[in-house]
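Please read the structure below before turning to the comments.
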Amino acid sequence: MQQVADIISTVEFNHSGELLATGDKGGRVVIFQHEEECKNRLQLRGEYNVYSTFQSHEPEFDYLKSLEIEEKINKIRWLPQQNSAHFLLSTNDKTIKLWKISERDKRAEGYNLKDENGRLRDPFRITSLRVPVLMPMDLMVEASPRRVFANAHTYHINSISVNSDHETYLSADDLRINLWHLEITDRSFNIVDIKPANMEELTEVITAAECHPNQCNVFVYSSSKGTIRLCDMRAAALCDRHTKFFEEPEDPSSRSFFSEIISSISDVKFSHSGRYMMTRDYLSVKVWDLNMENRPVETYQVHEYLRSKLCSLYENDCIFDKFECCWNGSDSAIMTGSYNNFFRMFDRNTRKDITLEASRESSKPRATLKPRKVSTGGKRKKDEISVDSLDFNKKILHTAWHPKENVIAVAATNNLYIFQDKIN
């Protein structure tokens with residue numbers, strides 16, 4: 001029986017790909033580091049070992065609202081590295097924390113006022129002054145909380161995103177987006193507020209938000225109605241009026257009871273170039289050109305074979321699963337997860353796609369992953385898997401792609417898999 005606390009809830013490479021952070025439902029952050037010895041050996045680019053583990057969030061209780069606040073880590077975002085230490089933001093439903101991860105391999109010895117055991121010496125017995133020296137010691141990796149950004153969200157935080165100015169970041173919940181300065185914890189600026197005066201008139205919620213990778217005044221947020229709004233902070237302090245509005249017209253012939261649920265966007269990500277953005281809804285991934293609002297330039301079906309199963313997916317609540325998506329370092333390929341521990345990769349240039357499986361049976365170290373195929377009725381071929389035998393409890397919601405290499409991280413419930421492309 002897997003521990004619920006061990007279920008991975010977010011995965012994120014840092015900007016160099018040297019470190020990989022995961023957060024889990026137990027409020028822990030585990031950081032993996034790329035193995036030093038493997039750097040020059042192409043076959044071992046995917047070798048990562050545990051670097052640091054720390055408890056980021058604890059369960060809390062809101063006495064005013066009689067609500068338990070889960071410790072589960074919803075998102076982790078790395079800050080660009082400025083010195084030898086690393087910094088990351090982690091958030092649960094209510095509180096964002098800035099963590100510093102630093103190394104110590106020396107300690108000071110030879111104090112004047114303390115003896116070797118750390119006890120204070122009698123000042124009258126000190127007859128000579130010593131200069132303390134730094135002595136080598138075993139490497140220690142320390143994680144320390146530097147800032148706590150609290151009490152700014154009434155609803156559950158679903159996104160945090162560091163701005164390209166490296167000084168500010170935004171956090172989004174169901175109805176509001178706040179802009180923070182990394183140095184200031186006691187106030188933030190509310191830049192989007194879609195809360196209606198009467199909550200009975202509520203028709204949509206914010207599902208994800210992200211800052212533009214190189215224009216610090218631009219950000220986007222997606223909604224449960226399948227729309228994306230691009231806002232420019234230069235236009236007004238409160239960005240309730242969007243600059244651009246991205247929406248694909250619905251095909252009336254495919255309208256059903258589930259249309260609104262499956263059109264809800266679970267993730268939005270800018271490409272590294274800043275020219276495109278990608279959105280994930282329940283059945284597909286769409287790539288949008290920021291200059292074209294009326295329809296996406298590319299649409300990729302993730303698991304179209306589930307369209308006939310929406311009724312049972314609604315009954316077991318799987319239809320509300322929030323799948324994330326990610327770009328590779330050059331924006332030429334995209335990846336997202338599915339059920340049965342499958343994940344999908346799409347090549348934007350060749351339009352080829354592949355389904356792979358992250359499981360202990362199929363993922364022996366150094367073994368090549370075999371493409372998987374799902375049969376949708378009729379005669380099933382030898383290697384195909386029937387739609388009816390897919391396990392909907394095994395789902396890949398969180399994936400990450402190394403910013404420079406073809407190395408990917410895939411979270412399958414409480415297991416983290418790291419794959420790399422094969423070198424012949």
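The values are calculated or read from the model by the stated rules, or taken from the named source; none is laboratory data. What you see is a predicted model, and the numbers here were worked out from it, not measured in a lab. Counting neighbours? That spans all protein chains shown, and the Cβs are built from the backbone with ideal geometry, glycine included. To get the accessible areas, we keep the full protein, side chains included, count just its heavy atoms, and leave off ligands, DNA and RNA. Shrake-Rupley method; radii C 1.70, N 1.55, O 1.52, S 1.80 Å.
Quick notes on this structure:
- Test: residue in segment 364-377 that is within 12 Å of V302 (Cα to Cα), open to solvent by less than 100 Å² (accessible area, probe 1.4 Å) and in contact (Cβ under 8 Å) with a residue 12 or more places away in the chain: yes
- Members of segment 12-35 that are within 25 Å of K394 (Cβ to Cβ) and in contact with a Leu (Cβ under 7 Å, 6 or more places away or on another chain): F13, A21, T22, F32
- Test: residue in segment 82-90 that is surrounded by 18 or more Cβ atoms within 10 Å (Cβ to Cβ), touching a Ser or Thr at 6+ places or on another chain (Cβ under 9 Å) and over 27 Å from S266 (Cβ atoms): yes
- Residues of segment 292-310 satisfying the condition of being of a type in the set (A, V, I, L, M, F, W, C) and touching a residue at least 24 places away in the same chain (Cβ under 8 Å): V302, L306, L310
- Within the set D317, D331, D251, D232, the sole residue that is surrounded by 15 or more Cβ atoms within 10 Å (Cβ to Cβ) and either without any contact (Cβ under 8 Å) to a residue 12 or more places away in the chain or within 25 Å of T203 (Cα to Cα) (or both) turns out to be D232.
- All positions within segment 196-224 that are over 19 Å from S164 (Cα atoms) and either surrounded by 15 or more Cβ atoms within 10 Å (Cβ to Cβ) or touching a residue at least 60 places away in the same chain (Cβ under 8 Å) (or both): E204, V205, I206, T207, S222, S223, S224
- Matching residues, segment 246-261, being closer than 30 Å to S330 by Cβ and at pLDDT below 95: E247, E248
- Scanning segment 397-424 for residues being assigned to a loop (DSSP other than H, G, I, E, B), within 27 Å of K75 (Cα to Cα) and touching a helix residue (DSSP H, G or I) at 6+ places or on another chain (Cβ under 9 Å) gives a total of 2.
- Segment 278-291 residues that are touching a residue at least 60 places away in the same chain (Cβ under 8 Å) and farther than 13 Å from I262 by Cβ, paired with ones that are of a type in the set (K, R) and surrounded by fewer than 23 Cβ atoms within 10 Å (Cβ to Cβ) (beta carbon under 8 Å, 6 or more apart): V287/R348; L290/K244; L290/R275
- Per the conditions (1) modelled with pLDDT under 95; (2) assigned to a loop (DSSP other than H, G, I, E, B); (3) surrounded by 12 or more Cβ atoms within 10 Å (Cβ to Cβ); (4) touching an Asp or Glu at 6+ places or on another chain (Cβ under 9 Å), the sole criterion not satisfied by I157 is (1).
- Identity of the residue in segment 113-135, open to solvent by less than 100 Å² (accessible area, probe 1.4 Å) and in a strand (DSSP E or B), that ends up modelled with the highest pLDDT: V133
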